[in-house]
Amino acid sequence: IDPYDYTIGPSAASTISSTLSGGTSVTVTTQANSSAYGSAGSSSGNGDITVSNAITKSGGGSATLTLQADRNIVVNAPITSTSGALNITLSAANNASGTLGGVNLGADLNSNGGTILIGGAGGSLTSAQSNGIGYALNSSASTPAVQIGTNVNILSGGGNITVNGQTNASTSSYEGSKGGIYVLSGATVNSGGGTLYMSGISTGAAKEFGFGVEAASGTTTTFMSSAASGGVVVDAQNTLNSLGALGLVNNGSQARVQFWAPNVAYLQFRI
């Protein structure tokens with residue numbers, strides 16, 4: 001059965017926000033047609049979900065927002081909570097016969113104490129899971145599995161954060177723009193005292209990074225828990241070449257990438 005495509009525009013974003021603010025969880029899946037959440041009526045598509053208008057939980061108790069796409073999830077507007085914890089799950093690549101399905105974060109996430117899970121179901125390429133979710137795949141042949149955009153903030157306020165991506169893209173030179181996880185300059189991923197888990201895996205090319213970070217001039221990219229609690233765990237792998245596991249993609253000069261935790265014992269790098 002062909003999946004549905006969803007664009008969460010003004011009406012759908014308002015409906016979702018109101019439901020979450022009442023303490024009721026919401027799941028948007030491309031396997032079901034719900035016009036209230038922005039589906040394209042009875043039209044079938046590739047199974048993509050695009051968040052075009054802000055989703056805000058502004059009241060009520062804890063709730064969960066789950067976006068479950070057969071292929072890609074694109075977040076172009078913030079998903080946040082200002083009242084109560086909002087657990088956020090972004091799961092791409094849920095087509096069991098598919099080879100594509102990534103998550104592109106072009107806007108902020110703030111869960112206000114809730115858990116944030118970013119990854120997927122691995123399509124036909126992997127059934128692996130790590131820290132609560134499986135792996136997103138490349139969103140196209142030339143784009144990463146998980147991309148965190150320029151100056152985007154992913155904040156959990158004490159909840160754990162998991163980011164998992166796996167690439168099988170090919171390349172002839174060391175680079176991360178088609179990687180398992182690719183983080184652009186100036187982004188911040190901050191668990192606020194929870195644990196931050198990031199797993200980026202490359203299986204298709206010796207020089208495509210499993211986990212890549214862009215470095216543009218004068219920018220600072222931050223991965224952190226807090227000064228008092230939580231930790232940062234980076235699992236970067238290239239199954240063909242250990243040198244392709246983790247890399248900095250130079251795009252200027254005097255850029256910084258920083259990792260913060262209570263002390264070095266709370267920083268773990270698995271290469």
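The values are calculated or read from the model by the stated rules, or taken from the named source; none is laboratory data. Owing to the predicted nature of the structure, the values given are computational and were not obtained by experimental measurement. A quick note on method: Cβ atoms are made from the backbone with ideal geometry, for glycine too, and the neighbour counts reach across all protein chains shown. To get the accessible areas, we keep the full protein, side chains included, count just its heavy atoms, and leave off ligands, DNA and RNA. Shrake-Rupley method; radii C 1.70, N 1.55, O 1.52, S 1.80 Å.
Restricting S39, S44 to those that are modelled with pLDDT under 95, of a type in the set (G, A, S) and out of contact with any strand residue (DSSP E or B) (no Cβ under 8 Å at 6 or more places or on another chain) reduces the list to S44. Checked against the criterion of being open to solvent by less than 70 Å² (accessible area, probe 1.4 Å), in contact with a Ser or Thr (Cβ under 7 Å, 6 or more places away or on another chain) and farther than 18 Å from V213 by Cα, segment 251-265 contains one or more residues that satisfy it. Applying the criterion of being under 25 Å from N160 (Cα atoms) and open to solvent by 80 Å² or more (accessible area, probe 1.4 Å) to the residues of segment 219-247, the residue that is modelled with the highest pLDDT is A228. Filtered by the rule that a residue be open to solvent by less than 20 Å² (accessible area, probe 1.4 Å) and farther than 14 Å from A69 by Cα, segment 112-129 gives G114, I116. Among strands (runs of 3 or more DSSP E) entirely within segment 203-271, having at least 1 residues that are in contact with a helix residue (DSSP H, G or I) (Cβ under 8 Å, 6 or more places away or on another chain) and not hydroxyl-bearing (S, T, Y) singles out 232-238.
Taking the criterion of being outside any strand (DSSP E or B) and open to solvent by less than 30 Å² (accessible area, probe 1.4 Å), the residues of segment 1-22 that qualify are P3, G9, A12, A13, I16, S17, L20, S21. Contact map, segment 244-269: first residue more than 17 Å from M224 (Cβ to Cβ), second residue basic (K, R) and surrounded by 11 or more Cβ atoms within 10 Å (Cβ to Cβ), Cβ cut-off under 6 Å, separation 6 or more or different chains; pairs are G244/K207.
Scanning segment 49-79 for residues that are over 14 Å from the mean Cα position of the chain (by Cα) and open to solvent by 30 Å² or more (accessible area, probe 1.4 Å) turns up S52, N53, A54, T56, S58, G60, G61, S62, T64. Restricting attention to segment 35-48 and to residues that are open to solvent by less than 40 Å² (accessible area, probe 1.4 Å) and in a loop (DSSP other than H, G, I, E, B), the residue that is nearest to V146 (Cα to Cα) turns out to be D48. Under the condition of being closer than 24 Å to A77 by Cβ, within 12 Å of the chain's Cα centre (by Cα) and surrounded by fewer than 24 Cβ atoms within 10 Å (Cβ to Cβ), the residues counted in segment 130-147 number 1.
Of the residues in segment 159-182, none is surrounded by fewer than 22 Cβ atoms within 10 Å (Cβ to Cβ), among the aliphatic types (A, V, I, L, M) and at pLDDT 95 or above. Looking only at segment 196-211, which residues are touching a residue at least 60 places away in the same chain (Cβ under 8 Å) and open to solvent by less than 40 Å² (accessible area, probe 1.4 Å)? The answer is S199, I201.
Can you spot a residue in segment 82-97 that is open to solvent by 40 Å² or more (accessible area, probe 1.4 Å), free of Cβ contacts under 8 Å to residues at least 60 places away in the same chain and closer than 15 Å to D5 by Cβ? No, there is no match, as no residue in segment 82-97 is open to solvent by 40 Å² or more (accessible area, probe 1.4 Å), free of Cβ contacts under 8 Å to residues at least 60 places away in the same chain and closer than 15 Å to D5 by Cβ. A32: over 22 Å from A85 (Cβ atoms), small (G, A, S), in contact with a helix residue (DSSP H, G or I) (Cβ under 9 Å, 6 or more places away or on another chain) and not in a strand (DSSP E or B), yes or no? No.
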